[in-house]
Structure formats: C-alpha cells, structure tokens
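Remarks on the structure that follows.
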C-alpha cells in the first residue's frame, strides 16, 4: 500500500475526514494536513492553487508514493499535485465535489467574504455556528464534531473561526488544464444533490463521473462508505 493524503475543502479542515477514516481503516500511513490558512495551519499571503498545493506537499517526503483523495477545493489541489511538479509521487487521485463551473457572481461573492475579515464572537456556540455555515456542514455534524474543535479558536476571551478569511478569495478553477497536466488516473465524483457540481459538469472532463446517491456537497461526511470505496478502487489502479 501507499500513503493516503486527504485534502479537505474550502472553509473546512482535517476534521471532516473523521467518518471516512473510521470507514476506510487504511492499512498504511495517512496524512490529513490542513490547507494553508485553515484549521491549525498558518495563514498565507498566497492562496492560489499552486501555493496551496506546495503547502500541503510539504507534508510528504520527496518522491513519496501517495494516493490523494480531496474534497471540493482539496480535490482541485489534489489534481494539481498530480502534475508531478511537487514533492510526492502521486499514483492516483480521487476528487469529489470539485466546483468546475464558475460565474462572475461566484467569484465576486467569495471576494466579498474574504474582504470582511475576521468576525469575533462572544461565545463558542456562535463561532461554531459560523464555522458550520462556512464549511457547509450545517445539519451534518454537531458542534462537538472534531472539525468544529479544529475550526474555531478562542483568543483573549473571544471566539473566531480559525480560518483566514482571505483564503475565500479563490479564482475560477481551470479543470481542463488540471486534468491535462495530471500524470496519473483521476476519478471525479460528486454527491447526487451537490448544488456546486453536477454529473453533467463532471462529464465534461471524464467519461465516468461517480455519483453518491442522495448525498450533497460533503459526501465524505454524508456517504463515507461510498467515498471509501472510491479510494480503495484508486489503490488498486496499476
């Protein structure tokens, strides 16, 4: 087996892999870094795709053989890492929930969120609710979930979401370019009810989009068995 590298989505952190890891029981090393500016990772002045890829690649050894599974933004970063321009030797990628169609309104909306800066709260519960909204986890996990514990911070008696708000200022993803640069097999998937990406969207880039029945955007939490099966499949790709 090879190392499994798991990359969370925008607004989330390594805690979102809790259910998947319980389901998967991976027999070798597992890496679950926080993307730069998220969770416990340091803030950055560069949240472009290449910078995010370089940031998480540092958790791998030179030429370390890895399978990467990523969700949403993390799925795009995973495909970027498959280009071979970074430290690990990526042998296969599973990308779920990656947004491939971007409107001007999408970009402008995310830039506005980034520009608002840090919001401070008087209670842990308020910060936790804010984190759950930003990560798309409302109704999927409660405020005791590991992702919440990692996703909020108390500073001088007040609470905030740990993520650097500037990380929300993402550019549209060039999925065609990412897929063309990948040097290994890439599986693209999404939840059946994912409002950010559809089967038709993914069909523009793969002949076999994988769809999780009845799941929404956070399939790693809603359908961990389905996601785990995709990873197992990727592990046997020659």
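Values in this text are rule-based calculations from the coordinates and carry no lab data. Note that the structure is predicted; figures quoted are calculated from it, not measured. Please note: Cβ atoms are built from the backbone with ideal geometry, for glycine as well, and neighbour counts cover all protein chains shown.
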Beta bridges by DSSP in the stretch 35-161, antiparallel share as percent, to the nearest 5: 40 percent
Extension reserve of the residue 133-residue 214 stretch, reckoned as 0.36 nm per residue once the Cα distance is removed: 27.1 nm
Considering only the chain, percent of DSSP beta bridges that pair antiparallel, nearest 5: 20 percent
For the chain: rounded, prolate or oblate by the Cα gyration tensor [a/c cutoff 1.5]: rounded
Calculated FRET value between residue 225 and residue 112, using beta carbons and R₀ = 35 Å, to 0.05: 0.40
Considering only the stretch 107-238, percent of DSSP beta bridges that pair antiparallel, nearest 5: 60 percent
Gaussian network model of the chain, Cα within-10 Å springs - most flexible of 93, 141, 56: 141
Added length on full extension, which subtracts the Cα-Cα distance from 0.36 nm per residue, residue 199 to residue 169: 8.2 nm
Choice from 226, 102, 17 showing the highest fluctuation, given a GNM over the chain with Cα pairs closer than 10 Å: 102
Residues 217, 42, 71 arranged by fewest to most Cβ contacts within 10 Å: 42, 217, 71
Value of relative contact order over the chain, rounded to a whole percent, pairs C-alpha under 8 Å and six or more apart: 24 percent
Relative exposure of 60, 80, judged by other C-beta atoms within 10 Å (fewest first): 60, 80
Choice from 134, 126, 163 with maximal GNM fluctuation in the chain (Cα, 10 Å cutoff): 126
Mean separation of Cα contacts under 8 Å (6+ apart) over length of the stretch 101-216, as relative contact order %: 26 percent
Extension reserve of the residue 124-residue 28 stretch, reckoned as 0.36 nm per residue once the Cα distance is removed: 31.0 nm
Whether the stretch 80-173 is rounded, prolate or oblate, judged on the alpha carbon gyration tensor where a/c under 1.5 counts as rounded: prolate
